[in-house]
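Here's the structure, in structure tokens; my notes come after.
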Amino acid sequence: MNRHQTEAKEFYTKYYNQLVGATVTGFELVLDEFENETFWPTFTMTKDGETFTIEVSQDEEGNGAGFLFGLPNPNGN
């Protein structure tokens with residue numbers, strides 16, 4: 001790993017580790033205010049008495065909604 005990769009890995013590890021211990025308390029698809037065809041997967045979370053919202057994006061700049069891999073198919077397929 002080069003220096004940039006190491007720094008990025010350290011940053012993202014610290015960033016995402018903030019979710020450890022949080023509880024998902026709600027979910028909704030939020031319609032993008034600029035593109036009426038895009039829905040943002042949005043989770044309400046609680047941790048240590050605080051409530052916050054997590055939006056799933058395809059990148060750090062919010063260029064579109066994202067997708068989470070690893071969940072079972074809700075239709076059973």
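Check whether at least one residue in segment 6-25 is part of a strand (DSSP E or B) and of a type outside the set (S, T, N, Q), and report yes or no.
So the first thing to find is which residues in segment 6-25 are part of a strand (DSSP E or B), and the list is 23-25.
If we keep only those that are of a type outside the set (S, T, N, Q) too, we end up with 24.
So far as segment 6-25 goes, yes, one or more of its residues are part of a strand (DSSP E or B) and of a type outside the set (S, T, N, Q).
Every residue in segment 26-50 that is of a type outside the set (S, T, N, Q) and in a loop (DSSP other than H, G, I, E, B), please.
D32, E33, F34, E35, E37, D48, G49
Name the single residue, out of those in segment 27-77 being of a type in the set (A, V, I, L, M) and under 26 Å from F11 (Cα atoms), that is surrounded by the most Cβ atoms within 10 Å (Cβ to Cβ).
Just the residues of segment 27-77 that are of a type in the set (A, V, I, L, M), to begin with: 29-31, 45, 54, 56, 65, 68, 71.
From what's left, under 26 Å from F11 (Cα atoms): 45, 54, 56, 65, 68, 71.
Values: M45: 16, I54: 14, V56: 12, A65: 18, L68: 8, L71: 7.
Across segment 27-77, the extreme among qualifying residues is A65.
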Check your understanding: In segment 51-77, what residues are of a type in the set (G, A, S) and outside any strand (DSSP E or B)?
Key -> G62, G64, G66, G70, G76
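Every number in this text was worked out from the coordinates using simple rules, so none of it is lab data. Treat the numbers as computed from the prediction; the structure is a model and nothing was measured. Note: ideal-geometry Cβ built from the backbone for every residue, glycine included; neighbour counts use all protein chains shown.
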